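Notes follow the structure.
The values are calculated or read from the model by the stated rules, or taken from the named source; none is laboratory data. Here the structure is a predicted model, which is why all the values come from computation and not from measurement. All Cβ positions, even for glycine, are placed from backbone atoms using ideal geometry, and neighbour counts span all protein chains on display. With ligands, DNA and RNA removed, areas are computed over all heavy atoms of the protein, side chains included. Shrake-Rupley method; radii C 1.70, N 1.55, O 1.52, S 1.80 Å.
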Amino acid sequence: MIGFSTVATPVGILIGMLVGLIPLIVGIRLKKIPAGIGGFFGCALSGFACGFLGGIPMMILTTAVVVSYAYTVKDDPFLSRAALDEVDFTETRTQFLIRSFASFGRALRAASRAVLRNRAGFVGFVGVMFFLLMTTFGPLVIEYDGRAHYYDRLLPGSQTLFQGPSAEFPLGLDYQGRDILSHIVYGGQAVIATAVVAGILTTLIAVTLGAASALIGGIVDTVLTAITNFILTIPQFPLLVVIAAIVNLDDRLWLAVLLAVLDFPTLMRAIRAQVLSLRERDYVEAAFSLNMGLPHIIVREVLPNMVSYIVISTIFSIRAAMYAQVGLVFLGLVPLQEPDWGVMILVARQQGALFLREATSMLLSPILAIALFQLSLVLFTRSLEEIFNPRLREGL
Amino acid sequence: MTTPLIELHHVDRTFKKDNQPIRVLQDVNLSVYPGEILCLVGESGCGKTTTGKIIAGLLAPSAGEVRYHGENVNQLRGERLATYRRDHQIVHQDPFASLNPAHTIGQILSYPIARHRLAANRAEVRRRVWELLTLVDLTPPGDIVNKYPHQLSGGQRQRVSIARALTVNPRLIIADEAVSMVDVSIRISLLKTLQRLRETLGVAIVFITHDLALAKYFAWEGRISVMYLGRVIEVGRTEAVVHNPAHPYTRALIAAIPEADPEITRSKARLTLRSEDIPSLTAIPPGCAFHPRCPFFVPGVCDVAPPPLDVPPNYEQQVACLPLLGGGALTPYAEQDATV
Ligand SMILES: Nc1ncnc2c1ncn2[C@@H]1O[C@H](COP(=O)(O)OP(=O)(O)OP(=O)(O)O)[C@@H](O)[C@H]1O
Ligand SMILES: [Mg+2]
């Protein structure tokens, strides 16, 4: 089962605060106290949200940023104006660590500046963060309203438990008189988690096979191309429907795998073409001539120039996976499990939301949630482009 | 004479295009000696880059062999192959494509040093990067080292390219039109840097250009090899080739060099080719490939078999021209026509 299993636990906040001590101490030591405090809160919050998995990476990121504020360029012997003989390049392990941390932190700051600079990207970033925070922290604030209500919420003179938005229930009530807002808050987890896992799987498969196909060539290339062609000739969604009807997809992980397997060929072809073209670049030829070895050439010369493309493709795969998933739910081919945005759309329709004015909210809320999340993702890719392209990142 | 660093023996190279073979190189024989400058000159498409890549080991010949210290490079394995690769570095033409945009200059230069353990530790790597940047006149190094390629000018990038080639202490640098895409104003200083590196480091340079005037300037103390449609047609000391060109094609090229002094330009012997069109590589004329354009064409001699490369009487350079090698003087084709 995939999902936000460690969401917002007290242990999480403890972990977050513990690891947050590191940027805090570093900040105090280097006399960059505001940055240190910022780091502490960053760690505490992300530990709270994701437990260990959030606290540790956050610690590394924030410490790097703190160090980068404190590490001024004149600490680098390389940048001194002295003659070569007078420069001492020797440095201790700690000094090296600090220098590497500082340059990592500078890159992070450049990246965050890039996010802020691009308007559309920033709006997307805020949107994505909003949905992620809502699904992780929302459950702390809002209680899940899962029990059916009958007469206690029936409005006098009304035929149905459906209700439009009101002060008490901002998004109204559904066919069982339950609070729609709580379903929106709780119902994103499964949808988003499955889509993200499917998107990442798609990219992993596509990049591995695409790069292998382009770099090894020969029979490997022929076979892989044949497989992708085969998958591409079958209409995707109908096939998905057929498979979903046969296989029992009660584990969301298997659904994600299935979505990935059906979605990877297009991306794989694009990756293959990119690797083929990058392989011909002069700097790759120079690396061959310098006898740098294939691993270096793939990891250092070819991949870095594809990162932005890969990350953006991941976002688009996430998007596609989300649509496919909601589509399957809507057709009732995945075991229905509340709360889930897709299930809400399906049930709203079944309960006659198309004809009842009071039921509009139950139908529109999940649709809007999905649409807005997707829009945010797409807008956010604008920022990603700037983050990963050194030309755009440095603002020149 | 010293033993050559690298020799091409009867090298042919064929590319396939639309299932039709294109003979880009035919029977190329060339040697490069330690520390020398060898210029490859010729019109666009005559196979200069291909020759350079074969010398660098980036391309295999379709026929013939490449010898490295007397050994066929096909037989090199392991450490010997690695040394061969590292001994020959290439500097590309396009300063905007030759450096990886994802890395800083410091990274670009440290990777090869670290990879081949050419420095004892991290501090030594950084010292070496500093040294290399000063060596190619990129000073102060601190201003360059953390920049990305897109933040440098074309000339600076070419210098980084040269520094990158130098990281592995090569014996030969192949500069493929290395200055043709930079501003004319910095061309000379870039050439001076290359020249200085050759003198101080003793590295040989194969300088590829389509501009004979540039070759004359740069390789005055070296040799020039003139190529035409995939063959070397004349090779010898620059001074000899420039002052006493033998092959009609070389003569035409030399005559076309503009001189600073208009008097000299005016008095220079004009050489009119019979045709301005360069034949296609898919339809190379039989015999001497130059004969359809040659003002000294001798029917029945020039259009039969490809001429060998040899030293004709009264010349010191090697030339591939049958009438010259036969010892006769060149007579204009039109006059022959009149006497018939
Ligand atoms: N990989 C290849 N596949 C097919 N044809 C090629 C390939 N590389 C080169 N050629 C052809 O070989 C011929 C010679 O190319 P080459 O690059 O060696 O010429 P060049 O003398 O360097 O020309 P230029 O001055 O334009 O750089 C050209 O006609 C080119 O189209
Ligand atoms: Mg070329």
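Being touching a Lys or Arg at 6+ places or on another chain (Cβ under 6 Å) and either within 28 Å of A:S376 (Cβ to Cβ) or loosely packed, with under 12 Cβ neighbours inside 10 Å (or both) is the requirement here; does A:D145 meet it? Please lay out each step first, then the result.
Values: touching a Lys or Arg at 6+ places or on another chain (Cβ under 6 Å): yes; either within 28 Å of A:S376 (Cβ to Cβ) or loosely packed, with under 12 Cβ neighbours inside 10 Å (or both): yes.
Criteria met by A:D145.
Of the residues that make up region B:106-121, is at least one at the interface with chain A (Cβ under 7 Å from one of its Cβ atoms), out of contact with any Lys or Arg (no Cβ under 7 Å at 6 or more places or on another chain) and at pLDDT below 90?
no
Just for region B:89-104: of the residues that are more than 7 Å from every other protein chain (Cβ to nearest Cβ) and of a type outside the set (F, W, Y), which one is nearest to B:I205 (Cα to Cα)?
B:V91
For B:T272, state whether it is more than 16 Å from ligand 1 (Cβ to nearest atom), away from chain A (no Cβ under 14 Å), in contact (Cβ under 8 Å) with a residue 12 or more places away in the chain and open to solvent by 50 Å² or more (accessible area, probe 1.4 Å).
Details: more than 16 Å from ligand 1 (Cβ to nearest atom): yes; away from chain A (no Cβ under 14 Å): yes; in contact (Cβ under 8 Å) with a residue 12 or more places away in the chain: yes; open to solvent by 50 Å² or more (accessible area, probe 1.4 Å): yes.
In short, yes.
For region A:198-252, enumerate the residues that are at positive phi and assigned to a helix (DSSP H, G or I).
The answer is A:G218, and nothing else.
Could you list, in sequence order, all residues of region B:8-36 that are open to solvent by 20 Å² or more (accessible area, probe 1.4 Å) and either within 16 Å of ligand 2 (Cβ to nearest atom) or within 14 Å of chain A (Cβ to nearest Cβ) (or both)?
Across region B:8-36, the qualifying residues are B:R13, B:F15, B:I22.
Against the conditions (1) within 14 Å of ligand 1 (Cβ to nearest atom); (2) farther than 13 Å from B:I173 by Cα; (3) touching a His at 6+ places or on another chain (Cβ under 9 Å), where does B:L8 fall short? Just the number, please.
Result: B:L8 fails condition (3) only.
Got at least one residue in region B:150-161 being in contact with an Asp or Glu (Cβ under 6 Å, 6 or more places away or on another chain) and closer than 24 Å to B:I6 by Cβ? Reasoning before the result, please.
Step one: filter region B:150-161 for residues in contact with an Asp or Glu (Cβ under 6 Å, 6 or more places away or on another chain), giving none.
No: region B:150-161 contains no residue that is in contact with an Asp or Glu (Cβ under 6 Å, 6 or more places away or on another chain) and closer than 24 Å to B:I6 by Cβ.
Test of understanding: among B:R126, B:R196, which residue is crowded, with 23+ Cβ neighbours inside 10 Å and away from ligand 1 (no atom under 16 Å from the Cβ)? Steps first, please.
Details: B:R196 fails: crowded, with 23+ Cβ neighbours inside 10 Å.
Exactly one residue qualifies, and that residue is B:R126.
Among residues belonging to region B:75-90 that are out of contact with any strand residue (DSSP E or B) (no Cβ under 8 Å at 6 or more places or on another chain) and closer than 18 Å to B:A165 by Cβ, point out the one that is least open to solvent (accessible area, probe 1.4 Å). Full working, then the answer.
If we filter region B:75-90 for residues that are out of contact with any strand residue (DSSP E or B) (no Cβ under 8 Å at 6 or more places or on another chain), which is where we start, we get B:75, B:77-79, B:81-83, B:85-86.
If we keep only those that are closer than 18 Å to B:A165 by Cβ as well, we get B:82-83, B:85-86.
On the way: B:A82: 16, B:T83: 47, B:R85: 77, B:R86: 39 Å².
Within region B:75-90, the match that is least open to solvent (accessible area, probe 1.4 Å) is B:A82.
For residues that are more than 16 Å from ligand 2 (Cβ to nearest atom), out of contact with any Leu (no Cβ under 9 Å at 6 or more places or on another chain) and either open to solvent by 50 Å² or more (accessible area, probe 1.4 Å) or within 11 Å of another protein chain (Cβ to nearest Cβ) (or both), tally how many sit in region B:43-74. Spell out the reasoning first.
So in region B:43-74, the residues more than 16 Å from ligand 2 (Cβ to nearest atom) come out as B:57, B:60-74.
Subset that is out of contact with any Leu (no Cβ under 9 Å at 6 or more places or on another chain): B:60, B:63, B:70-72, B:74.
From what is left, the residues that are either open to solvent by 50 Å² or more (accessible area, probe 1.4 Å) or within 11 Å of another protein chain (Cβ to nearest Cβ) (or both) are B:60, B:70-71, B:74.
Residues flagged as more than 16 Å from ligand 2 (Cβ to nearest atom), out of contact with any Leu (no Cβ under 9 Å at 6 or more places or on another chain) and either open to solvent by 50 Å² or more (accessible area, probe 1.4 Å) or within 11 Å of another protein chain (Cβ to nearest Cβ) (or both) within region B:43-74 amount to 4.
Could we say that A:A110 is part of a helix (DSSP H, G or I) and either touching a strand residue (DSSP E or B) at 6+ places or on another chain (Cβ under 9 Å) or at pLDDT 80 or above (or both) here?
On the way: part of a helix (DSSP H, G or I): yes; either touching a strand residue (DSSP E or B) at 6+ places or on another chain (Cβ under 9 Å) or at pLDDT 80 or above (or both): yes.
The answer is yes for A:A110.
When only residues in region B:169-181 that are part of a loop (DSSP other than H, G, I, E, B) and open to solvent by 10 Å² or more (accessible area, probe 1.4 Å) count, which is farthest from ligand 2 (Cβ to nearest atom)? So that I can check it myself, show each step before the final result.
Residues of region B:169-181 part of a loop (DSSP other than H, G, I, E, B): B:169-171, B:177-181.
Now restrict to residues that are open to solvent by 10 Å² or more (accessible area, probe 1.4 Å): B:169-171, B:177, B:180-181.
Numbers: B:N169: 26, B:P170: 20, B:R171: 22, B:E177: 6, B:S180: 9, B:M181: 11 Å.
If we take residues in region B:169-181 being part of a loop (DSSP other than H, G, I, E, B) and open to solvent by 10 Å² or more (accessible area, probe 1.4 Å), then B:N169 is farthest from ligand 2 (Cβ to nearest atom).
Just the residues that are over 21 Å from A:A260 (Cβ atoms) and either in a helix (DSSP H, G or I) or among the charged types (D, E, K, R) (or both), please, taken from region A:289-307.
Scanning region A:289-307 gives A:S289, A:L294, A:P295, A:H296, A:I297, A:I298, A:V299, A:R300, A:E301, A:V302, A:P304, A:N305.
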